[in-house]
Ligand SMILES: C[S@@+](CC[C@H](N)C(=O)[O-])C[C@H]1O[C@@H](n2cnc3c(N)ncnc32)[C@H](O)[C@@H]1O
């Protein structure tokens, strides 16, 4: 199994699929959500689904889908507007983003996302053709920058001590595998009161390696331009930072969450309205799919002008 989709039915219901609509799944993964969207198109030949993923393994999964209403785009979703322009799609009716990595990424130790395999290389790139690996970051970043990313993206208490220990250790030998890193950080993480400190440390590195926050900011702004009035934005978030960006966008129309003032009209309203409260997986789903535990499904409806 490549990946078990999280909150499958509620997230596809939230897209409010209409006849002849154009939808985008920006995080294809194993295609669980995309396949359900195509199923709900039923026999509508005029509907279309575009799916993005920057990962070559996801691309292979996408090649298994043989449907003229489906187009796969191997790219970072931050280039959404460019690709929609390229495909001559001026507007879309709904967009789904199921953020982060898939279980496939953790199952495939060679990709370097897991700390469970000591020999796993510290890679963590979703797109292995591009950018710095986690090992590169541990080798090159200044101490202060490492501390900041552990603090911001991992919410680790001892971020400074972690950074200091890494900078000291890397003078002796390079940190290339999960075991190399854990040996250095374990004595510090053992005292961190946070839940799953190892997982948080690896999450922090993964977010940095893949520029996840920047990509999400770009995506949310592009989606705000592309989605038609009355259309839907559906986002599954897995940690508080990404959840905050989506919440800010819906409340204020920008990812910073600042209310915009106009000298004549006063406070400008957001083009978005939240549809209900964020949905979390049921106890049963959390039991059967532990990855779903941190999920929040946010649904927004674009206002008619
Ligand atoms: C949680 S999984 C999606 C699982 C999918 N919904 C399913 O049901 O199988 C997230 C996927 O999005 C991809 N991804 C994450 N960030 C991305 C980005 N900025 N651009 C393109 N793909 C991205 C990852 O490679 C991963 O395959």
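Below, the figures for the structure above:
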{"item": "Lone unmet requirement of (1) away from the ligand (no atom under 13 Å from the Cβ); (2) over 19 Å from the mean Cα position of the chain (by Cα); (3) at pLDDT 95 or above for residue 109", "result": "(3)"}
{"item": "Flag for residue 219 being within 12 Å of the ligand (Cβ to nearest atom), under 19 Å from the mean Cα position of the chain (by Cα) and in the same structural domain as residue 55 (by TED's automatic domain parsing)", "result": "yes"}
{"item": "Residue selected from the range 1-34 under the condition near the ligand (Cβ under 8 Å from one of its atoms) and in a helix (DSSP H, G or I), by the criterion surrounded by the fewest Cβ atoms within 10 Å (Cβ to Cβ)", "result": "8"}
{"item": "Members of the range 249-298 found to be more than 25 Å from residue 195 (Cα to Cα) and either outside the structural domain of residue 16 (by TED's automatic domain parsing) or exposed (fewer than 12 other Cβ atoms within 10 Å of the Cβ) (or both), listed by number", "result": "256, 258, 261, 262, 263, 264, 265, 266, 267, 276, 277"}
{"item": "Residue match in the range 221-243 (condition: surrounded by 14 or more Cβ atoms within 10 Å (Cβ to Cβ) and over 25 Å from residue 15 (Cβ atoms))", "result": "no"}
{"item": "Of residues in the range 68-82 being in a loop (DSSP other than H, G, I, E, B) and more than 8 Å from the ligand (Cβ to nearest atom), the one surrounded by the fewest Cβ atoms within 10 Å (Cβ to Cβ)", "result": "68"}
{"item": "Residue satisfying all of: in the range 87-106; without any contact (Cβ under 8 Å) to a residue 60 or more places away in the chain and either surrounded by 21 or more Cβ atoms within 10 Å (Cβ to Cβ) or within 26 Å of residue 125 (Cα to Cα) (or both); farthest from the ligand (Cβ to nearest atom) among these", "result": "106"}
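Matching residues to (1) in contact with a helix residue (DSSP H, G or I) (Cβ under 9 Å, 6 or more places away or on another chain); (2) within 18 Å of residue 220 (Cα to Cα); (3) at pLDDT below 95; (4) not in a loop (DSSP other than H, G, I, E, B):
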position: 46; (1), (2), (3), (4): no, no, no, no
position: 50; (1), (2), (3), (4): yes, yes, no, yes
position: 61; (1), (2), (3), (4): yes, no, no, yes
position: 66; (1), (2), (3), (4): no, no, no, no
position: 85; (1), (2), (3), (4): no, yes, no, yes
position: 97; (1), (2), (3), (4): yes, yes, no, yes
position: 119; (1), (2), (3), (4): yes, no, yes, no
position: 124; (1), (2), (3), (4): yes, no, no, no
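The values are calculated or read from the model by the stated rules, or taken from the named source; none is laboratory data. It should be emphasised that the depicted structure is a prediction, and the values quoted were computed from it without experimental measurement. All Cβ positions, glycine included, derive from the backbone under ideal geometry; neighbour counts span all protein chains shown.
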